[in-house]
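Structure first, then comments.
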Amino acid sequence: MSLRKVLVITGGAVVGSVGAVALAPVALGAIGFTSAGIAASSFAASMMSAAAVTNGGGVAAGGLVAVLQSAGAAGLSGAASAVVASVGAGVGAAVGRLAGKTSTPKREERKNDQLGKEERQK
C-alpha cells in the first residue's frame with residue numbers, strides 16, 4: 001500500500017472520529033433529544049411513544065430512548081464518546097479508502113500502451 005493511500009485512509013479516520021464526536025450532540029438535538037427533554041412531535045417523541053407502548057406504559061431504564069435522552073440532556077459520557085469516535089473512525093477510514101482509489105493504474109496502462117505502439121512503429 002502506498003504512502004498516499006495510508007495517509008488518505010488515516011486522514012479519513014481522524015476526520016470521521018472527530019466529526020462524529022462533534023456532531024453527535026447536534027444530531028441528537030435535531031431528532032428531538034434536547035437538554036430540556038424530548039421535543040414534542042419529534043422523531044424522539046415517536047420513539048418514546050413506541051417504547052412506552054411496547055413496555056406497557058413506561059420507558060425502560062437503560063433502553064435506547066433512555067440512553068439517547070440522557071446523552072441529549074447531559075452530553076456524551078467518556079465511554080459513549082469513545083464508541084462514537086470509534087464508529088466515526090471506521091466510517092471515515094472506509095470513505096478514505098474509497099476516496100484513495102484513483103485512476104492512476106488506468107493512466108499507467110494507457111501510457112504503457114502508447115509506449116508499446118511507439119516501439120512497434122520503430
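Comparison of Gly63, Gly72, Gly90 shows that the only residue that is more than 21 Å from Ser35 (Cβ to Cβ) and at pLDDT 85 or above is Gly90.
Scanning segment 23-50 for residues that are hydrophobic (A, V, I, L, M, F, W, C), surrounded by 13 or more Cβ atoms within 10 Å (Cβ to Cβ) and not in a helix (DSSP H, G or I) yields Ile31, Phe33, Ile38, Ala39.
Residues considered: Val18, Val53. Of these, the only one that is over 18 Å from the mean Cα position of the chain (by Cα), surrounded by fewer than 18 Cβ atoms within 10 Å (Cβ to Cβ) and either of a type in the set (Val, Ile, Thr) or within 30 Å of Leu98 (Cα to Cα) (or both) is Val53. Scanning segment 58-76 for residues that are within 30 Å of Ile9 (Cβ to Cβ) and loosely packed, with under 13 Cβ neighbours inside 10 Å turns up nothing.
So, Ala79, is that one of a type in the set (Gly, Ala, Ser), modelled with pLDDT of 65 or more and farther than 17 Å from Ser17 by Cβ or not? Criteria not met by Ala79.
The values are calculated or read from the model by the stated rules, or taken from the named source; none is laboratory data. What you see is a predicted model; the values in this text were computed from it and never measured. Please note: Cβ atoms are built from the backbone with ideal geometry, for glycine as well, and neighbour counts cover all protein chains shown.
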